[in-house]
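Have a look at the structure below before the remarks.
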Amino acid sequence: MALVSIIIPAHNAEEYLKGAIHSLLRQTYPWVEIIIVDDGSTDGTPEVVRGFGREVRLIRQENAGPSAARNAGLAAARGTHVAFLDGDDAFDPTRIEVLLDALRDASPAAAFATTDARLWDGTRFLRRFAIS
């Protein structure tokens, strides 16, 4: 099975990061590596990540912005596929499995797959977005 690297750029994401990481640990596709790139946080972001132990890899860098953090995560990734998640977002439990199935069922030339997104206000879904 293919390893999927999931990269989260995080700058002062302490408040939401635990939920994002839990959503990745609950994936129905079990072969994932989780990489958090701490982009110069001044809050408890690194401590949140360390609380997950060896299941989550932490990379720290000086603040350089989310693009630089994503690139640092890409450089460290070991997976044959990559997914990005923001520190204040979450994946549905089947997201990685659905994306990999879509790639498997697509043309051999397919380079990426996407899914719909939903806006959550903390108590209910406000809106669904189709991504194309």
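The values are calculated or read from the model by the stated rules, or taken from the named source; none is laboratory data. Note that the structure is predicted; figures quoted are calculated from it, not measured. For neighbour counting, all protein chains shown are included, and Cβ atoms are generated from backbone atoms with ideal geometry for every residue, glycine included. Just the protein is used for accessible areas: all its heavy atoms, side chains included, with ligands, DNA and RNA removed. Shrake-Rupley method; radii C 1.70, N 1.55, O 1.52, S 1.80 Å.
Within the stretch 5-23, the set of residues being within 21 Å of Ser67 (Cα to Cα) and open to solvent by less than 70 Å² (accessible area, probe 1.4 Å) comprises Ser5, Ile6, Ile7, Ile8, Pro9, Ala10, Asn12, Ala13, Leu17, Ala20, Ile21.
Would you confirm whether or not the stretch 46-62 contains a residue that is buried (at least 18 other Cβ atoms within 10 Å of the Cβ) and polar (S, T, N, Q)? No - not one qualifying residue is present in the stretch 46-62. Meeting the requirement of 2 or more residues that are under 20 Å from Ala111 (Cβ atoms), under 14 Å from the mean Cα position of the chain (by Cα) and modelled with pLDDT of 95 or more, the helices (runs of 4 or more DSSP H) wholly within the stretch 1-97 are 66-76. Within the stretch 68-83, residues that are over 16 Å from Ser41 (Cβ atoms) have Cβ atoms under 6 Å from residues that are polar (S, T, N, Q) in these pairs: Ala77/Ser5; Gly79/Ser5; Val82/Ser5, counting only partners at least 6 apart in sequence or on another chain.
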